[in-house]
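As structure tokens, the structure follows; a few thoughts come after it.
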There are 2 protein chains.
Amino acid sequence: MTAAAGDAAPALERQHPADAAERLAELPLEEARPLLAALPPRQQAQIFGYLEPGDQVALAEAMPRAELAALVSAMSSDERADLVRRLDAEDRAALFRALAHAEREDIRRLIAYPEGTAGSVMSSDYASLPPELSVREAIEVLRRIAPDRETIYDAYVTDADRRLLGVVSLRDLILAQPGTRVGELMVRDVITASADDPREEAARTLADYDLLALPIVDGSGRLVGILTADDAMDVAEEEATRDILKGGAVSGGSADEGLIAGLKSASVFLIYRLRIFWLVGLVFGNIFSGLGIARYEELIEANIALVFFLPLLIASGGNAGAQSATLVVRGLATGDVEMGDWMLLTAREVAIAGLLGVSMAVAVAAIGLARGGPEIALVVALAMMAIVLVGSLIGLLLPFLLGRLGMDPATASGPLVTSLADVMGVLIYLGIASRILAL
Amino acid sequence: MTAAAGDAAPALERQHPADAAERLAELPLEEARPLLAALPPRQQAQIFGYLEPGDQVALAEAMPRAELAALVSAMSSDERADLVRRLDAEDRAALFRALAHAEREDIRRLIAYPEGTAGSVMSSDYASLPPELSVREAIEVLRRIAPDRETIYDAYVTDADRRLLGVVSLRDLILAQPGTRVGELMVRDVITASADDPREEAARTLADYDLLALPIVDGSGRLVGILTADDAMDVAEEEATRDILKGGAVSGGSADEGLIAGLKSASVFLIYRLRIFWLVGLVFGNIFSGLGIARYEELIEANIALVFFLPLLIASGGNAGAQSATLVVRGLATGDVEMGDWMLLTAREVAIAGLLGVSMAVAVAAIGLARGGPEIALVVALAMMAIVLVGSLIGLLLPFLLGRLGMDPATASGPLVTSLADVMGVLIYLGIASRILAL
């Protein structure tokens, strides 16, 4: 295989790092490692950055310590912090011994930010400038530091304490007179995020203001890193996936990471674990539906036509609830809806669900007439109206309620709302039936 | 109100355009228009670009023709094409008469690309360079054209026919020797998208390769525009919203645009229209469940305990199906799963759903024993296994089937899968019950 590896290495070198990473990922570990090792460290680091987390860890563990240290030194600060976070304690300690002091400290500082914060996805490879430099000097500094920086297109102007004073773009620098001071040219109102902010909020701020990079500051306004647009895009995609998995009741806290990293490559057992939790949980909800039905067994025996409408009515409530929940959860995620909007939206929901309920009642009354006569038609029409209204309100309000309780509104998934609406649907339907048919 | 407008204008001027737009959007049209008109056209255009489409059209229609023409001339090419696309024929014609020939042609060319294509979201304000320029000359050219370009950080090297030869970044230009030719410095393997590609594919390519801008070419390799990272982020968010709305059965073709633009501000009637379509549609599915039940009315009358398990069993199948569909639809959207993967995933799904079915059967058999004795326990356990397996396979395969039929896999929404699984659940449960209880 050595000859083949030797043949393939130059080809790997000429590819875009993203494509090279894709090719490497398809190879067995014992072929991938020497192929990567044959490249210069900077190129290794670029390719490595595009590999999936699991492949990164496998490769890192298979590498001799010195080889890994050279690779890690060449990686961008955010990517190497992510890698170190995933290594076990032993590999981490071994790697740390082989790294220079400054790099070790940089990694330690970055991995100290908890998962999910802006600090945990930021890079410390930003370009900063003192305000007293001239434009000519600033461009010279940027030219010198460019190879080690994620971006030099936005440079951050800081004082001696690293406090953020302003931002200046390379575009503005090359348009300005060479003698102008950076302090005069910089924009003072810098859009920033705090390192403790949720990472999805920082990503949203970057998107809302169309930035290439968002500076991240600590509690005292000191610049500690930047979130770049490409990382913000990854954060936004992961958060969307996370919400969608919750919405589909495939979610279980930290185990989600395995799914988000690769839906296709996730193991049977991981998926089983994430799905069984919700499936069993929802059974308990449906036991209440069953108990509701059992309470009305005599009514059902006397009016067996009622059973025909049972799936239809409870499904309609569940579907209406899933629709409302979908709208609210997505609105909250994109920032279009805020937690304080619940009253306004409830008013609108009553109007919408009222219209929906009446339309559905008309449809179902016709079927009721045909299958059970006027009394059954009345029962199913009234039940449909009430069920669609109640289901819609459950779907609308549950995300807000979870949010108030400090939980993720996206946990108000379709299946959870559907189950709640099912229980309510059974009770409403058979409750109405028992009143009207007993007349 | 003129005095107030005069007071507020400088404040608006000093804000970030995104914040200024948010403030403007809160004002009534008659106040917003003069506030905006008081600013220089370039600043007007920046703020205007951050307004929601609906607000843009309202403002544009309220503006005198010359004022609108000045604003449109200052807007970036992609944003003004979007605006013109939304104007009615009369306003569009009036605007075109007030614009310079070159601008009119630029807009005409951009709006010719159908909605949803990369061409419809690209900008023609890119920076291009001939290959024979020296680095010094190239920087001079970029400095001169910078004010009218979306970005000068990536410059595209083209021949006399506008055919794309390579790309050179401003970073590389300022790092290079001033005498080097652009043609020597440029990267030749340029990642591109075709103007006819779906816009979400172009956005995904940009994200996969961590680009600041993606060049868009026509059928003969001529550069026609760029997709910038900020626009790609907007595309990705809109596509995620679109998929989530479909997943929640709140979707109806072009009417979705109104919801995507603003979930909160959408009218009662729009939401009613989007929801009633699916709610009524799904009723028909549930009629089949009802008919299934009606076929077994005698069996149910003789074994009324069966009704207790009905909601629980059919809900479990629906939930399992919603889980599978969620995983597949998201995997297809992120590119993690491809259409050809269906066989591989079916094999994995049988293993997962088998495990899930057995676990659920054990749980439900215990309840069955308690409420109905060993025969009922056997019926519900067998039914649970079969229903979870069938529900999961429906959820897994439906998105692939829709994709093969040329439809969006995301249409395999939770509620649709749930309804299909419901019908199957009723038939499986009562079918098994009739065999075993008749023994």
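Below, the figures for the structure above:
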item: Inter-centroid distance (Cα atoms) of the range A:331-397 relative to the range B:310-346, Å; result: 28 Å
item: Shape of the range A:127-228, Cα gyration tensor, a/c cut at 1.5; result: prolate
item: Inter-label distance for B:Leu291 and B:Arg273, nm, one decimal - labels placed 7 Å from Cα along Cα-to-Cβ; result: 3.2 nm
item: Chain lengthening between A:Glu201 and A:Leu175 when straightened (0.36 nm per residue, less Cα-Cα); result: 6.1 nm
item: Positive-pole candidate from A:Met75, A:Ala20, A:Ala32, dipole of the range A:2-112, charges at beta carbon; result: A:Met75
item: Ranked B:Glu375, B:Glu349, A:Glu115, criterion: other C-beta atoms within 10 Å, fewest first; result: A:Glu115, B:Glu375, B:Glu349
item: Sorted by Cβ neighbour density within 10 Å, fewest at the top, the residues B:Leu382, A:Leu214; result: B:Leu382, A:Leu214
item: Cβ-based net charge around B:Ala421, under 15 Å, with every Lys or Arg adding one and every Asp or Glu removing one; result: -2
item: Highest-MSF residue in chain A out of A:Gly425, A:Gly395, A:Gly290 [GNM, Cα springs under 10 Å]; result: A:Gly290
item: Taking B:Phe96, A:Phe48 and counting other C-beta atoms within 10 Å, the order from fewest to most; result: B:Phe96, A:Phe48
item: Cα gyration tensor, the range B:260-438 - rounded (a/c under 1.5), prolate or oblate; result: oblate
item: For the protein assembly as shown, share of DSSP beta bridges that run antiparallel, in % to the nearest 5; result: 75 percent
item: Cross-link partners of B:Lys264 among aspartates and glutamates (Cα-Cα below 12 Å; sequence separation of 8 or more within a chain); result: A:Asp336, A:Glu338, A:Asp341, A:Glu349
item: Size of charge dipole - the range B:127-233 - debye, nearest 20, with Cβ of Lys, Arg +1 and Asp, Glu -1, no other charges; result: 400 debye
item: Unit charges on C-beta of K, R, D, E only; dipole of the range A:60-102, Debye; result: 140 debye
item: Computed label-point distance, nm, for sites A:Asp408 and A:Ala94 using a 7 Å Cα→Cβ extension; result: 3.4 nm
item: GNM top mover of A:Ala325, A:Ala81, A:Ala377 - chain A, alpha-carbon springs below 10 Å; result: A:Ala377
item: Rounded to whole Hz, the Karplus (6.51, -1.76, 1.60) HN-Hα couplings of the range A:58-67, x for glycine and proline; result: 4, 5, 4, 5, 7, 8, x, 4, 5, 4
item: The range A:2-112, dipole about Cα centre (Lys/Arg Cβ +1, Asp/Glu Cβ -1), debye to the nearest 20; result: 460 debye
item: Rounded to whole Hz, the Karplus (6.51, -1.76, 1.60) HN-Hα couplings of the range A:146-154, x for glycine and proline; result: 3, x, 9, 10, 4, 8, 10, 6, 10
item: Global form of the range A:2-112, assessed from the alpha-carbon gyration tensor, a/c cut-off 1.5; result: prolate
item: Positive dipole terminus of the protein assembly as shown, leading residue within B:Ile304, B:Gly406, B:Ile244 (C-beta point charges); result: B:Ile304
item: Degrees between helix A:229-247 axis and first principal axis of chain A (Cα, 0 to 90, nearest 10); result: 20 degrees
item: Folded to 0 to 90 degrees: helix A:374-404 orientation relative to chain A principal axis, Cα; result: 30 degrees
item: Candidates A:Val121, A:Val268, A:Val250, ranked by Gaussian network fluctuation over chain A, Cα under 10 Å, top entry; result: A:Val268
item: Signed unit charges on C-beta, dipole axis of the protein assembly as shown, positive-most listed residue B:Ala146, B:Leu214, A:Gly391; result: A:Gly391
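Each value in this text was obtained by applying a stated rule to the coordinates, not by laboratory testing. Please read these numbers as outputs of a predicted model, since none were measured by experiment. Heads up, the Cβs are rebuilt from the backbone with ideal geometry, glycines too, and the neighbour counts pull from every protein chain shown.
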